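A short worksheet on the structure shown next.
Every number here is computed from the coordinates shown, using simple stated rules; none is lab data. Please read all numbers here as calculations on a predicted model, not as lab measurements. Positions of Cβ are backbone-derived with ideal geometry, glycine not excepted, and every protein chain shown enters the neighbour counts.
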Amino acid sequence: MVHFVGAGPGAPDLLTLRGAALLEQAGCIIYAGSLVNPALLARAKDGCAIYNSAEMTLEQVLEAVQKAEAAGVDTVRLHTGDPCVYGAVKEQMDALDALGILWDDTPGVSSFCGAAAALGAEYTLPGVSQSVIITRLAGRTPVPQRERLAALAAHRASMVIFLSAGMLEQVQAQLLAGGYPPETPAALVYKATWPEEKLVRCTVADLAARGAAAGIRKTALVLVGDFLGRGGYERSKLYDPAFTTGYREGRA
Ligand code: SAH
């Protein structure tokens, strides 16, 4: 059986308990390269076969899994953050189905959650934004035209941009073209939750210059939106004394 496991954003103690237990019993671990903290591999039992998928094709990953199946041991496929965003897991799940190999999926803490924690930020502030757009710039992997960054920017929602730290000039230009005012707060979060984490708070207008000055070109997220500003939000209804909920009677 294959267990897809979310490794979390970096800090080894942000792995789930279920993920830890699966790593400890695995006979084969295939981990997603440098974005997975090597400290997690220390949980592997003696004799566990360990592969770095950064050096492998999908076909080679499947071969390693089949070898483990033949030996009667479970495989952990360890992906950074949560497997469900930019994890390339669906093609693996479908291929395993085709081979008749059982699998399950254990979530992890995505880096966009790690980045918000590092900044002490909440994406969904009442009166500011109630939506989070997770996206990327087109690189060698295309993005559908209807989802181009400028089109998404028109919503001026809270936004998290993955896989684009090497293209900050284009990110900035598209955010401005889409309609974020230049003074909109933004942040670059490099290696959230790792010891070498770096936070750069800036605005859309100086995003590219600040990123270049900090030398950030990869393993970073771009966060954009008024949720990163100071104040300007409404307090929650849920905890408002005047608001009645199913669990509490409101008093004016
Ligand atoms: N599944 C992962 C994302 C994999 S795509 C997740 O849920 O986080 C790889 C991209 O994720 C990187 O290029 C970077 O944009 C982002 N990323 C992954 N880990 C990160 C971290 N600790 N800090 C900042 N960005 C990170």
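For the reader, a short list of remarks on this structure follows.
- Cross-link partners for LYS90 among the aspartates and glutamates, with Cα-Cα distance under 15 Å and sequence neighbours closer than 8 places in the same chain left out: GLU59, ASP82, ASP104, ASP105.
- Taking amide H as placed 1.01 Å from N in the peptide plane, ILE133 has its amide H under 5 Å from the amide H of SER158, MET159, VAL160, each at least 5 places away in sequence or on another chain.
- Taking only the Cα atoms of the chain, the ratio Rg/Rh comes out at 1.04, with Rh defined as the Kirkwood radius.
- Estimated FRET transfer efficiency when R0 is 41 angstrom, pair ALA212-TYR239 (beta carbons, to 0.05): 0.50
- For the stretch 8-137: span of alpha carbons on each principal axis (Å, largest first): 56, 30, 24
- In loop segments of the stretch 163-249 as defined by DSSP, the GluC sites (Glu not before Pro) with at most 13 further C-beta atoms inside 10 Å of their C-beta are GLU183, GLU196, GLU234, GLU249.
- Sparse packing (at most 14 other Cβ atoms within 10 Å of the Cβ) combined with a DSSP loop state is found for the following trypsin sites (Lys or Arg not before Pro) in the stretch 1-65: LYS45.
- Qualifying lysines (Cα of each under 22 Å from Cα of LYS218; at least 8 residues distant if same chain): LYS191, LYS198
- Rounded Å value of the spacing that divides the Cα centres of the stretch 194-252 and the stretch 72-151: 20
- Summing +1 for each Lys or Arg and -1 for each Asp or Glu among the other residues whose beta-carbon sits under 11 angstrom from that of LEU152 gives +3.
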